[in-house]
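Undergrad: One structure, pasted below without further comment.
Each reported figure results from applying straightforward, stated rules to the coordinates on display, with no laboratory input. Predicted, not measured: the structure shown is a model, and the values here were computed from it. As a convention, Cβ positions derive from the backbone with ideal geometry for all residues, glycine included, and neighbour counts pool all protein chains shown.
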Amino acid sequence: MGERILMFLLLIFSSLLVVTARTANRDYQTLLALKNEWQNTPPDWERSNDPCGDGWIGIGCINGAVTSITLSSMHLTGQLSSEIGGLSELRILYVFYFSLVL
């Protein structure tokens with residue numbers, strides 16, 4: 001009896017850990033638009049197609065939604081376009097040492 005309960009709890013617990021961190025499509029499209037406006041983006045932004053799941057440098061996510069962009073000292077240049085408004089869950093935008101045109 002105890003083994004069954006233990007197995008059941010283990011099954012429930014392990015299923016809770018299997019949560020996908022895929023980026024919401026709208027957030028992904030917004031990040032792509034921003035990336036196209038910026039120069040010198042981190043190399044992993046070119047190699048990966050899932051900013052939340054594969055963890056783009058400087059991009060923070062919760063449940064597939066982009067919640068933070070922290071791009072300090074990366075020597076990025078470019079324009080901060082109105083596209084950023086598409087990130088509805090964005091709470092932190094930190095772009096220190098970013099040559100930015102508004």
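Undergrad: Based on the Cβ-Cβ distance of residue 25 and residue 80, what FRET efficiency does E = 1/(1 + (r/R0)^6) give at R0 = 22 Å, to the nearest 0.05?
TA: 0.50
Undergrad: In nm², what is the average projected area of the convex hull enclosing the Cα atoms of region 21-101?
TA: Quarter of the Cα hull surface area: 4.4 nm².
Undergrad: Ok, one more. Under the Karplus relation 6.51 cos²θ - 1.76 cosθ + 1.60, θ = phi - 60°, what is the ordered set of whole-Hz ³J(HN,Hα) values for region 67-72, x standing for Gly and Pro?
TA: 10, 8, 10, 10, 10, 8
Undergrad: What's the exposure ranking of 50, 27, going from fewest to most Cβ atoms within 10 Å?
TA: With the sparsest Cβ surroundings first, the list reads 50, 27.
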